[in-house]
Amino acid sequence: METETGQRSKLPYEVTPEQALTHHEVQRRLDISIRNLRAATDKFLSAIISGVDKIPYGMRYTAKVLKSSLHEKFPGATEAELLKIVGNLLYYRYMNPAIVAPDGFNIIDVSAGGGLHMDHRRNLGSIAKLLQHAASSKTFEGQTGQLCTMNDYLYHSEQRFREFFRAACDVPEPEEWFDVDEYTEMASLNKPVIYITVGELINTHKLLLQHQDSLLAEHSDPLHELLRDLGEVPTVESLLGEGSVDANDPRGDQTMVNKMEVSLTLTNKFDIYKSSGDGTDNTRGLLLSTKQLIVDIIRSQAGDTLVEILQTSASTDQVADHRRLVQRRALRDARTPEKLKRNHSLVHDGKLSIEEKKRKIIRSLRKLEAAGVISAANGYQQLVNEIARDIQNQRRYRQQRKAELAKLRETLHRMNSKTAFYEEQIDYYNQYIRTCLDNLATNGQGPGKKAAAGKGKKGKAASLNYTAAHLREKGVLLEIEDLPISQFRNVIFDIVQSEEVGAFDVKARFMGVDMEKFQLKYQDLLQLQYEGVAVMKMFDKAKVNVNLLIFLLNKKFFKK
């Protein structure tokens, strides 16, 4: 008021918050601020609720397990109480930090050296506080009257949050989400690979050991044997080798090493269907081929039980019907692309006569019974039931294959797009490097300098001529294998700038006789320097200091 009028105000300067709230202008501005706060908070809340499907599956499944575990441990707790704990996990742990400090999570772009304005950060803090109260079912009790007016809004927001948390917990089990079933490993051509950091690997091992008593309820759990084989929690050095962590600066290196990502190919250690001997006696493969042969038999010959069908000779009509089945399959296989054809052993078994198939089925059943997979006591009914389930689920398997094929096509399309993008990036970087080298060569030209880069008066390329002894004095040349230092004065190195920008031809002469030629690329030297390689070899004999060689080239050719 004093700024607008230029006159001293009659209002008191020292007042309590309660006294200030009685002033009309203060109340008006607070009402505007509260309305703006509610509107902004409502936008955040709507964005959070509408993005339930964008929450990573791992977070949602963790919330689901948390809710079900709490309900099992506290059966008397209401759903509202359970969802309150779930909300603390989903909102407070994962979303609230990003709202309070969006610049710390790359949600907004902040210029170099800049940051959020204090007003912006304070406003985001107010929004986060309001959302946190709504997510945890809190109100502004005992606070000032203006904040108490937000309690109605908090109640409605709490109901919306509750529906959001309930929807977040509504996710399928991992087997359904990742489309994994009993046939996945059998049909998979490649073993699954996971990518995990060293720190995550060590922490996972530590957590499994700490909670193995609660995780391993049954003594037969395979995790028992796995943890016993793994032993104690490994160190970074034991995983990556000695020297992976700098003893002089363990804290900095330890952080970088812990974030190092490794790939692990998963293999089932307890696969009971591993082949023995030469790999032809595979129990699972035998089971599948036997089921296929049984299906071929029962399609042509009926019977009350499988044993009865196998022990009864097929009639002439049944033999003819089976032959027609084999012929139709052969025609279909002939039209099938080579990569999509069935296993050769299955194709061969499918061409057998009906009686030959029966004899092979009987031999296979004996092997499977000896392996403990099936039992003859109930007439192999377990095997018949599996065939019935396979037939019943054919439509589901077909749909899964179509969905998987669509995923593969989409993945291939994305990979092709990514490949094209990286190829464009490579072309861009190559062009950029060539431009930089051209600029270096251009800036390096100039008359009046001994051994300068560029073209001389007669159009000859610039060159450097040094004896090995001189290069050794400069520190560029370290040694020449099988040549004593006393002979270095008889070795002359010619470094000639070639027509290709950034490339040099290095020639070695011993007592006037040309020995060898080596092409040196400036870009390769910079790459070695970037990788921390201090010494490189030329001619497979001469060891040179990379850094000092770069300095020499910069000084003589690039004037740098």
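Annotation: amide H-H contacts under 5 Å for Leu478 (H modelled 1.01 Å from N, sequence separation of 5 or more, or interchain): Lys543, Val544, Asn545. Here the range 476-523 has 50 percent of its accessible surface on carbon and sulfur atoms, given a 1.4 Å probe and all protein chains in place. Whole-Hz Karplus values for the range 81-96 come out as 5, 5, 5, 5, 5, 4, x, 4, 6, 6, 7, 5, 7, 10, 9, 4 Hz, taken residue by residue from phi with 6.51 cos²θ - 1.76 cosθ + 1.60 and θ = phi - 60°; glycine and proline positions read x.
Taking the average, over residues, of other Cβ atoms within 10 Å as the packing measure, peptides 98-106, 500-508 rank 500-508, 98-106 from highest down. The alpha carbons of the range 356-413 occupy a box of 51, 24, 20 Å along the principal axes, longest dimension given first.
In sequence order, the range 37-43 has phi-based couplings of 5, 5, 5, 5, 5, 5, 5 Hz under the Karplus curve 6.51 cos²θ - 1.76 cosθ + 1.60, θ = phi - 60°, and Gly or Pro positions carry x. In whole percent, and with a 1.4 Å probe on the protein chains, what portion of the accessible area of the range 1-131 is carbon and sulfur? Accessible surface attributable to carbon and sulfur in the range 1-131 totals 56 percent. Per-peptide packing, taken as the mean over residues of other Cβ atoms within 10 Å, places 511-522, 296-307 in the sequence 296-307, 511-522 from highest down.
Note on the range 1-117: with charges restricted to the Cβ of Lys and Arg (+1) and Asp and Glu (-1), its dipole about the Cα centre is near 380 debye. Normalised per residue, the accessible area of the range 313-443 is 76 Å², obtained with a 1.4 Å probe and no contribution from ligands, DNA or RNA. Residues whose amide H falls under 5 Å from that of Thr467, counting only those 5 or more places apart or on a different chain, are Phe493, with hydrogens built in the peptide plane. Pairs exceeding 24 Å between alpha-carbon atoms, taken from Lys269/Lys358; Lys269/Lys407; Lys64/Lys418; Lys43/Lys84: Lys269/Lys358; Lys269/Lys407; Lys64/Lys418. Could you tell me whether the range 39-164 comes out rounded, prolate or oblate from its Cα gyration tensor? Rule is a ≥ b ≥ c as square roots of the eigenvalues, rounded for a/c under 1.5, then prolate if a/b exceeds b/c, otherwise oblate. It comes out oblate by the Cα gyration axes.
In order along the range 309-322, the phi-based Karplus estimate (6.51 cos²θ - 1.76 cosθ + 1.60, θ = phi - 60°) of 3J(HN,Hα) comes to 5, 5, 8, 9, 6, 6, 7, 4, 5, 5, 5, 5, 5, 5 Hz; Gly and Pro are listed as x.
Peptides 422-430, 195-203 ranked from most to least packed give 195-203, 422-430, packing being the mean of other C-beta atoms within 10 angstrom over each peptide's residues. A cut-off of 5 Å between modelled amide H atoms, ignoring neighbours fewer than 5 places along the same chain, links Glu516 with Ala508.
Accessible area per residue for the range 1-135, computed on protein heavy atoms with a 1.4 Å probe, is 69 Å².
The values are calculated or read from the model by the stated rules, or taken from the named source; none is laboratory data. Predicted model only: the values in this text are computed from it and were never measured. Using ideal geometry, Cβ is built from the backbone for each residue, glycine included, and neighbour counts are taken over all protein chains shown. To get the accessible areas, we keep the full protein, side chains included, count just its heavy atoms, and leave off ligands, DNA and RNA. Shrake-Rupley method; radii C 1.70, N 1.55, O 1.52, S 1.80 Å.
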